[in-house]
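These notes concern the structure reproduced below.
The values are calculated or read from the model by the stated rules, or taken from the named source; none is laboratory data. In this text the structure is predicted, and so the values were computed from the model without any measurement. Reconstructed Cβ throughout: ideal geometry from the backbone, glycine too, with neighbour counts over all protein chains shown. For accessibility, only protein heavy atoms count, side chains too; no ligands or nucleic acids. Shrake-Rupley method; radii C 1.70, N 1.55, O 1.52, S 1.80 Å.
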Amino acid sequence: MQQPDSSRSQPAWTTESVVPVHLLGVVRGDGFRPYLAGFVALMILVVLGGYAAITLSDLFATFTGVDRHSPLLRNLRNLLALGCAILFMQWVLGWQGRELMSVIAPGRRLDGGMFLRSAATYAAAFAPMILIAAYYGQINVGSLSLSLLLMLPVLVVLFIFQASAEEIVFRGYMAQGLQVLLGNAALAALPVAIFFLVLHDSGGWNVGWEQKAMFLAMSLGLSYLTWRTGRLEAAMGVHFAHNLLVTLFLARPQSGLPSVSGFDEAVGFQPPDPDRLLGVLLMQGAVASSYWFLGLFSGFVEQGWRGGEGQEG
């Protein structure tokens with residue numbers, strides 16, 4: 001990288017510079033240690049935030065009479081804590097003299113349109129898989145309930161913050177640091193995928209190699225989407241749509257979150273089964289291919305229906 005003129009006070013990178021999000025650390029000339037220190041600080045803040053969320057939820061349970069150990073309260077608490085990671089990330093970046101947009105779309109404004117187009121495209125790609133599962137009896141499609149309708153706006157907001165926070169941390173900040181360390185976007189995506197798996201593979205029904213393969217494949221796909229667009233909004237949209245659809249149509253009753261269907265009791269996630277593992281990978285491939293054709297090949301996600309010269313935010 002060309003060194004800046006020492007006679008000028010302006011650095012080579014400024015907040016106005018348009019840079020692909022995963023390459024910002026390289027362009028800025030950052031070392032890996034600041035990223036590592038920032039990640040450790042972020043994890044400490046997330047843990048403290050988690051304890052704060054537990055305390056608040058216990059107080060809520062005490063005053064309302066809700067069972068503090070209920071799956072619903074636990075999941076809402078986890079979603080809220082993950083969503084607060086955006087605030088924690090902003091604090092860490094401020095400590096390092098940066099802005100939140102530096103890990104979303106450096107030098108550009110937040111593109112809510114790209115987020116919505118990406119979410120809609122993923123929903124259109126993923127919905128046929130849900131319909132196929134329903135046709136073969138793997139899920140039992142029910143009807144909309146009043147509780148679901150009342151909870152849906154809350155779930156939408158929580159999932160937006162949760163998915164955005166995870167993308168900011170993994171495909172944003174962590175990917176920038178690993179790009180500095182490893183010097184290769186594909187290599188950097190591998191440890192990002194492993195950390196992403198560790199966060200989500202938390203036990204319960206999320207067991208078995210099929211689920212692990214799904215999380216790894218999804219993380220790698222989101223990394224590709226980030227490289228392709230040079231920013232995070234498209235990956236945020238996919239992440240949000242996936243989490244919302246899975247909760248609404250594939251969540252088990254034990255999740256505590258309202259749903260219009262549930263898995264057939266005969267359908268479970270057993271330990272390694274080559275056929276099931278291949279089925280999950282083929283499903284992921286089908287969804288990714290549909291998303292690529294509908295959203296990327298057509299230009300819909302990146303530029304909108306009419307195309308054009310691209311977007312700067």
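Brief remarks on what is shown
- Kirkwood hydrodynamic radius (C-alpha pairs) into Stokes-Einstein, the stretch 85-132, 20 °C and 1.002 mPa s, D in µm²/s: 165
- Surface per residue (accessible, 1.4 Å probe) for the stretch 32-161, Å²: 57
- Note, ³J(HN,Hα) from phi for the stretch 81-90, Karplus 6.51, -1.76, 1.60, rounded to Hz, x at Gly and Pro: 5, 5, x, 5, 4, 4, 5, 5, 4, 5
- Where only C-alpha atoms are counted, convex hull volume of the stretch 49-195 per residue in Å³: 180
- Of the peptides 131-137, 276-282, 71-77, 100-106, the ranking by mean beta-carbon count within 10 Å, highest at the top, reads 100-106, 71-77, 276-282, 131-137.
- Cα-based values for the stretch 24-98, radius of gyration first and Dmax second, are 16.5, 54 Å.
- The accessible surface of the stretch 149-254, taken with every protein chain in place and a 1.4 Å probe, is 78 percent carbon and sulfur.
- Label-to-label distance for residue 297 and residue 55 is 5.4 nm, based on points extended 7 Å past Cα in the beta-carbon direction.
- Each peptide in 285-297, 32-44 was scored by the mean count of other Cβ atoms within 10 Å over its residues; highest first, the order is 285-297, 32-44.
- Cα pair distances of the stretch 117-187 binned at 10 Å [whole percent]: 15, 25, 33, 18, 8, 0
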